Ligand code: FAD
(Lines give C-alpha, C1' and ligand atoms only; values in the text may rest on other atoms or scores of the structure.)
Protein backbone atom coordinates (compact mmCIF):
# COMPACT_ATOMS: atom_id res chain seq x y z
CA UNK A 1 0.00 0.00 0.00
CA UNK A 2 1.17 3.57 -0.59
CA UNK A 3 2.26 5.91 2.21
CA UNK A 4 1.57 9.55 2.94
CA UNK A 5 4.51 11.76 3.83
CA UNK A 6 3.57 14.86 5.77
CA UNK A 7 6.18 17.68 5.53
CA UNK A 8 6.03 20.13 8.45
CA UNK A 9 9.24 21.68 9.73
CA UNK A 10 11.60 19.36 7.89
CA UNK A 11 11.54 20.84 4.40
CA UNK A 12 14.45 18.79 3.05
CA UNK A 13 15.07 15.53 1.24
CA UNK A 14 18.49 14.57 2.65
CA UNK A 15 18.90 13.23 6.19
CA UNK A 16 15.16 13.10 6.65
CA UNK A 17 14.33 9.91 8.60
CA UNK A 18 10.59 10.29 8.14
CA UNK A 19 10.91 10.60 4.38
CA UNK A 20 13.33 7.69 4.32
CA UNK A 21 10.71 5.54 6.04
CA UNK A 22 7.88 6.66 3.75
CA UNK A 23 9.65 6.53 0.40
CA UNK A 24 10.07 2.78 0.28
CA UNK A 25 6.52 2.80 -1.04
CA UNK A 26 4.63 4.86 -3.55
CA UNK A 27 4.32 8.14 -1.67
CA UNK A 28 2.19 11.28 -1.63
CA UNK A 29 4.27 14.16 -0.21
CA UNK A 30 1.99 16.69 1.46
CA UNK A 31 2.35 20.10 3.04
CA UNK A 32 -0.69 21.30 4.94
CA UNK A 33 -1.19 24.82 6.26
CA UNK A 34 -3.09 24.39 9.53
CA UNK A 35 -3.30 27.88 11.01
CA UNK A 36 -6.27 26.98 13.14
CA UNK A 37 -4.39 24.39 15.19
CA UNK A 38 -1.41 26.72 15.61
CA UNK A 39 -3.64 29.57 16.81
CA UNK A 40 -1.55 32.42 18.26
CA UNK A 41 1.58 30.59 17.18
CA UNK A 42 0.80 30.30 13.51
CA UNK A 43 3.82 31.44 11.50
CA UNK A 44 4.32 35.22 11.56
CA UNK A 45 4.71 37.48 8.53
CA UNK A 46 8.43 37.03 7.85
CA UNK A 47 8.27 33.28 8.47
CA UNK A 48 5.39 33.03 5.99
CA UNK A 49 7.50 34.68 3.32
CA UNK A 50 10.21 32.13 4.05
CA UNK A 51 7.79 29.24 3.99
CA UNK A 52 6.34 30.33 0.64
CA UNK A 53 9.79 30.35 -0.96
CA UNK A 54 10.88 27.16 0.76
CA UNK A 55 7.82 25.22 -0.43
CA UNK A 56 8.49 26.32 -4.00
CA UNK A 57 12.08 25.06 -3.69
CA UNK A 58 10.93 21.80 -2.14
CA UNK A 59 8.47 21.14 -4.96
CA UNK A 60 11.21 21.73 -7.54
CA UNK A 61 13.54 19.32 -5.71
CA UNK A 62 10.84 16.66 -5.47
CA UNK A 63 10.10 16.96 -9.19
CA UNK A 64 13.67 16.08 -10.09
CA UNK A 65 13.16 12.81 -8.22
CA UNK A 66 9.82 11.71 -9.53
CA UNK A 67 7.34 13.27 -7.11
CA UNK A 68 5.53 16.57 -6.54
CA UNK A 69 4.41 18.42 -3.44
CA UNK A 70 0.69 18.27 -2.70
CA UNK A 71 -0.47 21.47 -1.00
CA UNK A 72 -3.52 21.73 1.22
CA UNK A 73 -5.06 24.07 3.76
CA UNK A 74 -7.32 23.26 6.68
CA UNK A 75 -7.55 21.23 9.86
CA UNK A 76 -5.00 18.43 9.92
CA UNK A 77 -7.26 16.21 11.96
CA UNK A 78 -9.65 16.14 8.98
CA UNK A 79 -7.41 16.67 5.96
CA UNK A 80 -4.63 14.16 6.72
CA UNK A 81 -6.88 11.12 7.35
CA UNK A 82 -8.98 12.08 4.30
CA UNK A 83 -5.91 12.25 2.04
CA UNK A 84 -4.62 8.96 3.40
CA UNK A 85 -7.98 7.37 2.66
CA UNK A 86 -8.01 8.78 -0.88
CA UNK A 87 -4.71 7.14 -1.82
CA UNK A 88 -5.42 4.00 0.20
CA UNK A 89 -2.52 4.59 2.61
CA UNK A 90 -2.57 3.26 6.12
CA UNK A 91 0.80 4.78 7.04
CA UNK A 92 1.44 8.48 7.56
CA UNK A 93 5.03 9.52 8.28
CA UNK A 94 6.18 12.87 9.66
CA UNK A 95 8.94 14.50 11.72
CA UNK A 96 8.32 14.97 15.44
CA UNK A 97 7.29 18.45 16.58
CA UNK A 98 7.65 19.92 20.06
CA UNK A 99 5.33 22.92 20.17
CA UNK A 100 2.49 22.35 22.66
CA UNK A 101 -0.18 23.06 20.01
CA UNK A 102 1.47 20.66 17.56
CA UNK A 103 1.71 17.87 20.13
CA UNK A 104 -1.96 18.20 20.91
CA UNK A 105 -2.88 18.32 17.22
CA UNK A 106 -0.68 15.33 16.34
CA UNK A 107 -2.25 13.28 19.11
CA UNK A 108 -5.68 14.03 17.62
CA UNK A 109 -4.54 13.12 14.11
CA UNK A 110 -3.04 9.85 15.38
CA UNK A 111 -6.26 9.07 17.16
CA UNK A 112 -8.41 9.75 14.10
CA UNK A 113 -6.13 7.67 11.87
CA UNK A 114 -6.15 4.82 14.35
CA UNK A 115 -9.94 4.80 14.35
CA UNK A 116 -9.75 4.28 10.60
CA UNK A 117 -7.13 1.55 10.78
CA UNK A 118 -4.11 3.75 10.00
CA UNK A 119 -0.99 4.81 11.89
CA UNK A 120 0.86 8.10 12.32
CA UNK A 121 4.61 7.43 12.59
CA UNK A 122 6.55 10.36 14.08
CA UNK A 123 10.30 10.30 13.45
CA UNK A 124 13.05 12.18 15.19
CA UNK A 125 14.46 14.64 12.68
CA UNK A 126 14.72 18.16 14.09
CA UNK A 127 17.08 17.79 17.06
CA UNK A 128 20.35 16.19 18.02
CA UNK A 129 18.73 14.39 20.97
CA UNK A 130 15.09 13.82 21.85
CA UNK A 131 14.01 15.79 24.94
CA UNK A 132 12.06 12.95 26.51
CA UNK A 133 15.13 10.69 26.48
CA UNK A 134 17.29 13.10 28.50
CA UNK A 135 17.30 13.24 32.29
CA UNK A 136 19.73 14.75 34.74
CA UNK A 137 21.39 12.71 37.50
CA UNK A 138 18.36 13.36 39.72
CA UNK A 139 16.08 11.90 37.07
CA UNK A 140 14.59 15.30 36.24
CA UNK A 141 14.71 17.31 33.02
CA UNK A 142 17.72 19.64 32.80
CA UNK A 143 17.15 23.15 34.04
CA UNK A 144 20.62 24.53 33.29
CA UNK A 145 22.61 24.58 30.07
CA UNK A 146 26.07 23.59 31.30
CA UNK A 147 25.16 20.16 32.70
CA UNK A 148 22.88 19.62 29.71
CA UNK A 149 25.73 20.30 27.27
CA UNK A 150 28.15 18.19 29.29
CA UNK A 151 25.74 15.27 29.21
CA UNK A 152 25.22 15.56 25.46
CA UNK A 153 28.92 15.80 24.69
CA UNK A 154 29.29 12.71 26.90
CA UNK A 155 26.84 10.77 24.76
CA UNK A 156 29.21 10.79 21.83
CA UNK A 157 28.50 11.83 18.29
CA UNK A 158 25.00 12.08 16.85
CA UNK A 159 24.35 9.58 14.01
CA UNK A 160 25.91 10.47 10.67
CA UNK A 161 23.51 12.15 8.23
CA UNK A 162 22.40 10.29 5.11
CA UNK A 163 21.69 11.23 1.52
CA UNK A 164 18.42 12.11 -0.16
CA UNK A 165 16.53 9.26 -1.85
CA UNK A 166 17.55 9.17 -5.51
CA UNK A 167 14.21 8.17 -6.90
CA UNK A 168 10.70 8.56 -5.50
CA UNK A 169 7.61 6.83 -6.68
CA UNK A 170 5.37 9.84 -6.29
CA UNK A 171 1.60 9.78 -6.30
CA UNK A 172 -0.37 12.80 -7.40
CA UNK A 173 -3.72 14.23 -6.46
CA UNK A 174 -5.10 17.58 -7.54
CA UNK A 175 -4.14 20.06 -4.80
CA UNK A 176 -3.82 23.79 -4.24
CA UNK A 177 -1.45 26.10 -6.09
CA UNK A 178 1.18 27.68 -3.81
CA UNK A 179 -0.50 31.10 -4.17
CA UNK A 180 -3.72 29.65 -2.78
CA UNK A 181 -2.04 29.14 0.59
CA UNK A 182 -1.92 32.97 0.74
CA UNK A 183 1.32 32.98 2.67
CA UNK A 184 2.18 36.30 1.02
CA UNK A 185 -0.59 38.88 1.31
CA UNK A 186 -1.55 40.01 -2.20
CA UNK A 187 -2.94 43.37 -1.07
CA UNK A 188 0.23 44.71 0.56
CA UNK A 189 3.32 46.22 -1.01
CA UNK A 190 6.18 43.73 -1.30
CA UNK A 191 7.76 44.37 2.11
CA UNK A 192 9.83 41.24 1.62
CA UNK A 193 12.22 42.86 -0.89
CA UNK A 194 15.03 43.08 1.70
CA UNK A 195 14.50 39.43 2.57
CA UNK A 196 14.69 38.41 -1.10
CA UNK A 197 18.07 40.09 -1.28
CA UNK A 198 19.38 38.48 1.92
CA UNK A 199 18.26 34.87 1.72
CA UNK A 200 17.82 31.83 -0.46
CA UNK A 201 15.22 29.61 1.26
CA UNK A 202 15.22 25.89 0.54
CA UNK A 203 17.53 22.94 0.91
CA UNK A 204 19.99 23.97 -1.83
CA UNK A 205 20.32 27.45 -0.28
CA UNK A 206 20.85 25.90 3.15
CA UNK A 207 23.57 23.59 1.87
CA UNK A 208 25.45 26.37 0.14
CA UNK A 209 25.23 28.56 3.24
CA UNK A 210 26.54 25.70 5.36
CA UNK A 211 29.42 24.96 2.99
CA UNK A 212 30.39 28.61 2.81
CA UNK A 213 30.46 29.02 6.57
CA UNK A 214 32.54 25.88 7.02
CA UNK A 215 35.05 27.11 4.45
CA UNK A 216 35.19 30.76 5.51
CA UNK A 217 33.66 31.37 8.91
CA UNK A 218 34.09 28.48 11.31
CA UNK A 219 37.71 29.07 12.14
CA UNK A 220 37.20 32.69 13.14
CA UNK A 221 33.86 32.02 14.86
CA UNK A 222 35.23 32.49 18.41
CA UNK A 223 35.88 36.19 17.82
CA UNK A 224 33.74 36.82 14.76
CA UNK A 225 30.51 35.68 16.35
CA UNK A 226 30.23 38.82 18.47
CA UNK A 227 30.89 41.30 15.68
CA UNK A 228 27.61 42.33 14.09
CA UNK A 229 29.33 44.35 11.38
CA UNK A 230 30.83 41.24 9.77
CA UNK A 231 29.43 37.91 8.66
CA UNK A 232 30.98 36.08 11.59
CA UNK A 233 28.18 33.57 12.26
CA UNK A 234 26.63 30.86 10.11
CA UNK A 235 23.28 32.56 9.41
CA UNK A 236 21.74 29.12 9.35
CA UNK A 237 18.94 29.80 11.83
CA UNK A 238 16.03 30.11 9.36
CA UNK A 239 17.29 27.06 7.48
CA UNK A 240 17.40 25.11 10.73
CA UNK A 241 14.03 26.50 11.77
CA UNK A 242 12.36 25.08 8.66
CA UNK A 243 14.46 21.94 8.67
CA UNK A 244 16.10 22.66 5.34
CA UNK A 245 19.28 21.46 6.99
CA UNK A 246 19.34 19.09 9.95
CA UNK A 247 21.31 19.93 13.09
CA UNK A 248 23.34 16.78 12.67
CA UNK A 249 24.29 17.80 9.12
CA UNK A 250 25.55 21.06 10.63
CA UNK A 251 27.24 19.21 13.49
CA UNK A 252 29.09 16.76 11.27
CA UNK A 253 30.05 19.46 8.78
CA UNK A 254 31.66 21.39 11.64
CA UNK A 255 33.43 18.27 12.86
CA UNK A 256 34.75 17.57 9.38
CA UNK A 257 36.01 21.16 9.24
CA UNK A 258 37.95 20.59 12.44
CA UNK A 259 35.70 21.80 15.29
CA UNK A 260 36.69 20.40 18.70
CA UNK A 261 34.11 19.22 21.24
CA UNK A 262 34.04 22.51 23.12
CA UNK A 263 33.83 24.58 19.95
CA UNK A 264 31.47 27.52 20.26
CA UNK A 265 29.55 26.60 17.13
CA UNK A 266 28.72 23.10 18.37
CA UNK A 267 27.64 24.64 21.66
CA UNK A 268 25.22 26.94 19.85
CA UNK A 269 23.63 23.93 18.20
CA UNK A 270 23.22 22.52 21.70
CA UNK A 271 21.58 25.77 22.85
CA UNK A 272 19.00 25.13 20.18
CA UNK A 273 18.44 21.61 21.50
CA UNK A 274 18.32 22.96 25.06
CA UNK A 275 15.57 25.43 24.12
CA UNK A 276 13.50 22.56 22.74
CA UNK A 277 14.24 20.51 25.84
CA UNK A 278 12.78 23.34 27.92
CA UNK A 279 9.75 23.74 25.67
CA UNK A 280 9.02 20.02 25.82
CA UNK A 281 9.22 19.85 29.60
CA UNK A 282 7.80 23.32 30.32
CA UNK A 283 5.10 23.86 27.68
CA UNK A 284 3.99 27.06 29.41
CA UNK A 285 7.31 28.71 28.44
CA UNK A 286 6.01 30.85 25.51
CA UNK A 287 3.46 32.58 27.72
CA UNK A 288 4.49 32.41 31.37
CA UNK A 289 7.76 33.02 33.24
CA UNK A 290 9.59 29.81 34.13
CA UNK A 291 10.65 31.42 37.40
CA UNK A 292 7.23 32.03 38.97
CA UNK A 293 8.32 35.02 41.04
CA UNK A 294 8.55 37.03 37.79
CA UNK A 295 4.77 36.92 37.50
CA UNK A 296 4.90 39.83 39.93
CA UNK A 297 7.49 41.80 37.95
CA UNK A 298 6.14 45.37 37.66
CA UNK A 299 6.40 45.85 33.89
CA UNK A 300 4.22 48.70 32.62
CA UNK A 301 2.93 48.26 29.08
CA UNK A 302 3.38 51.44 27.07
CA UNK A 303 2.50 51.18 23.39
CA UNK A 304 4.40 54.36 22.55
CA UNK A 305 7.64 52.92 23.91
CA UNK A 306 7.01 49.57 22.25
CA UNK A 307 6.43 51.21 18.89
CA UNK A 308 9.59 53.31 19.12
CA UNK A 309 11.55 50.14 19.85
CA UNK A 310 9.88 48.24 16.99
CA UNK A 311 10.65 51.01 14.51
CA UNK A 312 14.30 51.34 15.58
CA UNK A 313 13.85 54.78 17.15
CA UNK A 314 14.94 54.27 20.76
CA UNK A 315 17.91 56.63 20.47
CA UNK A 316 20.37 53.82 21.28
CA UNK A 317 22.24 53.32 18.00
CA UNK A 318 23.12 49.63 18.44
CA UNK A 319 19.52 48.76 19.31
CA UNK A 320 18.07 50.84 16.50
CA UNK A 321 20.47 49.32 13.97
CA UNK A 322 19.40 45.85 15.08
CA UNK A 323 15.69 46.61 14.94
CA UNK A 324 16.08 48.00 11.42
CA UNK A 325 18.19 45.05 10.29
CA UNK A 326 15.37 42.86 11.59
CA UNK A 327 12.67 44.84 9.79
CA UNK A 328 14.51 44.83 6.49
CA UNK A 329 16.06 41.37 6.37
CA UNK A 330 14.05 39.27 8.86
CA UNK A 331 17.14 38.51 10.91
CA UNK A 332 19.21 40.18 13.63
CA UNK A 333 22.66 39.36 14.87
CA UNK A 334 22.67 37.44 18.18
CA UNK A 335 24.69 40.00 20.14
CA UNK A 336 22.31 42.72 19.05
CA UNK A 337 19.24 40.56 19.82
CA UNK A 338 20.56 40.29 23.37
CA UNK A 339 21.06 44.04 23.79
CA UNK A 340 17.83 45.03 22.03
CA UNK A 341 15.71 42.64 24.09
CA UNK A 342 17.44 43.67 27.31
CA UNK A 343 16.78 47.36 26.63
CA UNK A 344 13.09 46.67 26.03
CA UNK A 345 12.65 44.58 29.16
CA UNK A 346 14.95 46.45 31.52
CA UNK A 347 15.51 50.06 30.44
CA UNK A 348 11.99 50.44 29.08
CA UNK A 349 10.27 48.06 31.54
CA UNK A 350 8.07 46.46 28.88
CA UNK A 351 6.66 42.90 29.21
CA UNK A 352 9.01 40.43 27.52
CA UNK A 353 5.98 38.83 25.85
CA UNK A 354 5.46 42.00 23.77
CA UNK A 355 9.03 41.87 22.51
CA UNK A 356 8.80 38.17 21.82
CA UNK A 357 5.58 38.73 19.84
CA UNK A 358 7.31 41.32 17.63
CA UNK A 359 10.21 38.95 17.02
CA UNK A 360 7.69 36.23 16.24
CA UNK A 361 6.20 38.32 13.48
CA UNK A 362 9.40 39.74 12.00
CA UNK A 363 12.09 37.03 12.28
CA UNK A 364 12.48 34.56 9.43
CA UNK A 365 13.93 32.16 12.03
CA UNK A 366 11.15 32.75 14.62
CA UNK A 367 10.87 29.51 16.51
CA UNK A 368 8.81 28.99 19.60
CA UNK A 369 11.51 27.20 21.58
CA UNK A 370 14.50 29.48 20.92
CA UNK A 371 12.51 32.70 20.90
CA UNK A 372 10.72 32.17 24.18
CA UNK A 373 13.71 30.59 25.92
CA UNK A 374 15.92 33.51 24.86
CA UNK A 375 13.45 36.22 25.89
CA UNK A 376 13.03 34.59 29.28
CA UNK A 377 16.78 34.22 29.64
CA UNK A 378 17.27 37.93 28.95
CA UNK A 379 14.41 38.94 31.25
CA UNK A 380 15.85 36.94 34.15
CA UNK A 381 12.89 34.54 34.40
CA UNK A 382 14.29 31.73 32.26
CA UNK A 383 16.09 28.51 33.03
CA UNK A 384 19.72 29.23 33.75
CA UNK A 385 19.09 32.95 33.22
CA UNK A 386 21.79 35.46 33.91
CA UNK A 387 20.84 37.33 37.08
CA UNK A 388 18.41 40.17 36.52
CA UNK A 389 20.75 42.75 38.04
CA UNK A 390 23.23 42.28 35.18
CA UNK A 391 21.94 44.96 32.87
CA UNK A 392 23.52 45.37 29.44
CA UNK A 393 24.62 48.92 28.82
CA UNK A 394 23.65 49.56 25.19
CA UNK A 395 26.35 52.21 24.75
CA UNK A 396 29.22 50.14 26.13
CA UNK A 397 28.02 47.06 24.24
CA UNK A 398 28.08 49.11 21.05
CA UNK A 399 31.56 50.47 21.72
CA UNK A 400 32.86 47.03 22.52
CA UNK A 401 31.33 44.96 19.74
CA UNK A 402 30.95 47.58 16.99
CA UNK A 403 34.00 49.69 17.78
CA UNK A 404 34.18 51.44 14.41
CA UNK A 405 30.42 51.94 14.28
CA UNK A 406 30.21 50.20 10.89
CA UNK A 407 27.14 48.20 11.84
CA UNK A 408 25.33 51.27 13.13
CA UNK A 409 26.20 53.35 10.05
CA UNK A 410 24.99 50.61 7.76
CA UNK A 411 21.52 50.33 9.29
CA UNK A 412 20.99 53.84 10.66
CA UNK A 413 21.77 56.17 7.77
CA UNK A 414 21.06 59.26 9.92
CA UNK A 415 24.29 58.44 11.76
CA UNK A 416 26.39 57.72 8.68
CA UNK A 417 28.57 60.79 9.10
CA UNK A 418 28.86 60.86 12.88
CA UNK A 419 32.47 60.64 14.11
CA UNK A 420 33.51 57.35 15.65
CA UNK A 421 33.62 58.57 19.24
CA UNK A 422 29.99 59.70 19.09
CA UNK A 423 28.51 56.93 17.00
CA UNK A 424 27.18 55.02 20.01
CA UNK A 425 26.25 58.18 21.96
CA UNK A 426 25.15 60.76 19.40
CA UNK A 427 23.27 62.76 22.04
CA UNK A 428 26.68 63.81 23.40
CA UNK A 429 27.59 65.58 20.15
CA UNK A 430 27.79 69.34 20.31
CA UNK A 431 24.33 70.32 19.07
CA UNK A 432 22.83 66.88 19.75
CA UNK A 433 22.19 63.98 17.38
CA UNK A 434 21.73 64.77 13.67
CA UNK A 435 18.01 65.19 12.87
CA UNK A 436 15.80 63.24 12.67
CA UNK A 437 17.66 60.76 14.90
CA UNK A 438 16.06 60.89 18.38
CA UNK A 439 17.61 61.38 21.79
CA UNK A 440 17.36 58.20 23.94
CA UNK A 441 13.99 57.27 25.42
CA UNK A 442 15.76 57.05 28.76
CA UNK A 443 19.31 57.92 29.85
CA UNK A 444 21.33 54.67 30.11
CA UNK A 445 22.04 55.06 33.82
CA UNK A 446 18.48 56.10 34.61
CA UNK A 447 17.15 53.05 32.73
CA UNK A 448 19.43 50.78 34.67
CA UNK A 449 18.34 52.29 37.98
CA UNK A 450 14.66 51.95 37.05
CA UNK A 451 15.12 48.29 36.16
CA UNK A 452 16.88 47.54 39.42
CA UNK A 453 14.16 49.37 41.37
CA UNK A 454 11.49 47.28 39.67
CA UNK A 455 13.40 44.12 40.50
CA UNK A 456 13.75 45.21 44.14
CA UNK A 457 9.99 45.91 44.32
CA UNK A 458 9.27 42.43 42.99
CA UNK A 459 11.57 40.90 45.61
CA UNK A 460 10.04 42.98 48.38
CA UNK A 461 6.55 41.77 47.47
CA UNK A 462 7.56 38.09 47.79
P1 FAD B 1 25.22 30.86 14.82
O2 FAD B 1 25.95 31.64 15.84
O3 FAD B 1 25.94 30.56 13.57
O4 FAD B 1 24.70 29.53 15.51
C5 FAD B 1 24.36 28.34 14.79
C6 FAD B 1 22.97 27.88 15.14
O7 FAD B 1 22.86 27.57 16.52
C8 FAD B 1 21.89 28.90 14.88
O9 FAD B 1 21.49 28.90 13.53
C10 FAD B 1 20.79 28.47 15.82
O11 FAD B 1 20.00 27.44 15.27
C12 FAD B 1 21.56 27.90 17.00
N13 FAD B 1 21.67 28.94 18.05
C14 FAD B 1 22.61 29.90 18.17
N15 FAD B 1 22.42 30.64 19.29
C16 FAD B 1 21.31 30.14 19.88
C17 FAD B 1 20.59 30.48 21.06
N18 FAD B 1 20.98 31.46 21.89
N19 FAD B 1 19.48 29.76 21.36
C20 FAD B 1 19.07 28.75 20.56
N21 FAD B 1 19.72 28.38 19.43
C22 FAD B 1 20.82 29.07 19.09
N23 FAD B 1 17.12 31.78 17.43
C24 FAD B 1 16.26 31.16 16.61
O25 FAD B 1 16.64 30.25 15.88
N26 FAD B 1 14.94 31.53 16.59
C27 FAD B 1 14.45 32.53 17.37
O28 FAD B 1 13.25 32.82 17.32
C29 FAD B 1 15.37 33.22 18.22
N30 FAD B 1 14.94 34.25 19.01
C31 FAD B 1 15.86 34.88 19.84
C32 FAD B 1 15.40 35.93 20.66
C33 FAD B 1 16.29 36.60 21.50
C34 FAD B 1 15.78 37.70 22.41
C35 FAD B 1 17.65 36.22 21.52
C36 FAD B 1 18.62 36.93 22.42
C37 FAD B 1 18.10 35.18 20.72
C38 FAD B 1 17.22 34.49 19.87
N39 FAD B 1 17.65 33.42 19.05
C40 FAD B 1 16.74 32.79 18.23
C41 FAD B 1 19.01 32.86 19.18
C42 FAD B 1 20.09 33.44 18.25
O43 FAD B 1 20.10 34.83 18.28
C44 FAD B 1 19.96 32.97 16.80
O45 FAD B 1 19.79 31.57 16.74
C46 FAD B 1 21.21 33.33 16.00
O47 FAD B 1 21.41 34.72 15.98
C48 FAD B 1 21.09 32.81 14.59
O49 FAD B 1 22.15 33.23 13.79
P50 FAD B 1 23.21 32.20 13.20
O51 FAD B 1 22.51 31.11 12.47
O52 FAD B 1 24.18 33.01 12.41
O53 FAD B 1 23.86 31.64 14.52
Exercise. How about region 341-374: which of its residues are near the ligand (Cβ under 7 Å from one of its atoms) and more than 24 Å from residue 191 (Cβ to Cβ)?
Worked result: 373, 374
Exercise. Which members of region 250-272 meet the condition of being surrounded by 20 or more Cβ atoms within 10 Å (Cβ to Cβ) and within 8 Å of the ligand (Cβ to nearest atom)?
Worked result: 250, 265, 269, 272
Exercise. Of the residues in region 159-177, how many are over 25 Å from residue 207 (Cβ atoms) and either in contact with a helix residue (DSSP H, G or I) (Cβ under 8 Å, 6 or more places away or on another chain) or without any contact (Cβ under 8 Å) to a residue 60 or more places away in the chain (or both)?
Worked result: 3
For this session: Being over 22 Å from residue 348 (Cα atoms) and not assigned by TED's automatic domain parsing to the domain that holds residue 321 narrows it down to one of 462, 414, so name that one.
Result: 462
Exercise. Are any of the residues in region 178-198 touching a residue at least 40 places away in the same chain (Cβ under 8 Å) and within 14 Å of the ligand (Cβ to nearest atom)?
Worked result: yes
Exercise. Regarding residue 388, is this residue surrounded by fewer than 20 Cβ atoms within 10 Å (Cβ to Cβ), in the same structural domain as residue 311 (by TED's automatic domain parsing) and either more than 30 Å from residue 9 (Cα to Cα) or modelled with pLDDT under 95 (or both)?
Worked result: no
Seminar exercise, completed: Residues in region 29-75 that are outside any helix (DSSP H, G or I) and under 24 Å from residue 358 (Cα atoms) total 5
Exercise. Can you find a residue in region 215-237 that is touching a strand residue (DSSP E or B) at 6+ places or on another chain (Cβ under 8 Å), part of a loop (DSSP other than H, G, I, E, B) and crowded, with 18+ Cβ neighbours inside 10 Å?
Worked result: no
Exercise. Within region 287-314, which residues are free of Cβ contacts under 8 Å to residues at least 40 places away in the same chain and not in a helix (DSSP H, G or I)?
Worked result: 288, 311
Exercise. For residue 119, which of the numbered conditions (1) outside the structural domain of residue 95 (by TED's automatic domain parsing); (2) surrounded by fewer than 17 Cβ atoms within 10 Å (Cβ to Cβ); (3) more than 30 Å from residue 400 (Cα to Cα); (4) in contact (Cβ under 8 Å) with a residue 24 or more places away in the chain fails to hold?
Worked result: (1)
Exercise. With respect to residue 59, is the statement that it is in contact with a strand residue (DSSP E or B) (Cβ under 8 Å, 6 or more places away or on another chain) and either at pLDDT 95 or above or within 30 Å of residue 328 (Cα to Cα) (or both) true?
Worked result: no
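For region 418-437, name all the residues that are within 23 Å of residue 333 (Cα to Cα) and in a loop (DSSP other than H, G, I, E, B).
Initial filter on region 418-437 (within 23 Å of residue 333 (Cα to Cα)): 418, 420-426, 437.
Matches in region 418-437: 418, 423, 424, 425, 437.
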Exercise. If you go through region 123-145 one residue at a time, do you hit one that is crowded, with 18+ Cβ neighbours inside 10 Å and touching a strand residue (DSSP E or B) at 6+ places or on another chain (Cβ under 9 Å)?
Worked result: yes
Exercise. Among (1) within 14 Å of the ligand (Cβ to nearest atom); (2) within 20 Å of the chain's Cα centre (by Cα), which single condition is residue 324 missing?
Worked result: (1)
For this session: Out of the residues in region 391-417 that are without any contact (Cβ under 8 Å) to a residue 24 or more places away in the chain and assigned to a loop (DSSP other than H, G, I, E, B), state the one that is surrounded by the most Cβ atoms within 10 Å (Cβ to Cβ).
Result: 403
Exercise. Looking at region 146-158, which of its residues are in contact (Cβ under 8 Å) with a residue 40 or more places away in the chain and surrounded by 13 or more Cβ atoms within 10 Å (Cβ to Cβ)?
Worked result: 148, 149, 152, 153, 158
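Collect the residues in region 315-324 that are in a helix (DSSP H, G or I) and in contact (Cβ under 8 Å) with a residue 40 or more places away in the chain, keeping them in residue-number order.
Within region 315-324, 317, 318, 319, 320, 321, 322, 324 qualify.
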For this session: Mind listing whichever residues of region 211-249 are on the phi > 0 side of the Ramachandran plot and more than 10 Å from the ligand (Cβ to nearest atom)?
Result: 243
Exercise. Would you say residue 338 is closer than 30 Å to residue 461 by Cβ, surrounded by fewer than 23 Cβ atoms within 10 Å (Cβ to Cβ) and within 12 Å of the ligand (Cβ to nearest atom)?
Worked result: yes
Exercise. Which one of the conditions (1) in contact with a helix residue (DSSP H, G or I) (Cβ under 6 Å, 6 or more places away or on another chain); (2) assigned to a loop (DSSP other than H, G, I, E, B) does residue 191 fail to meet, given that it meets all the rest?
Worked result: (1)
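The values are calculated or read from the model by the stated rules, or taken from the named source; none is laboratory data. A quick note: this is a predicted structure, and the numbers were derived from the prediction, not measured. Here the Cβ is made from the backbone with ideal geometry for all residues, glycine too, and neighbour counts use every protein chain on show.
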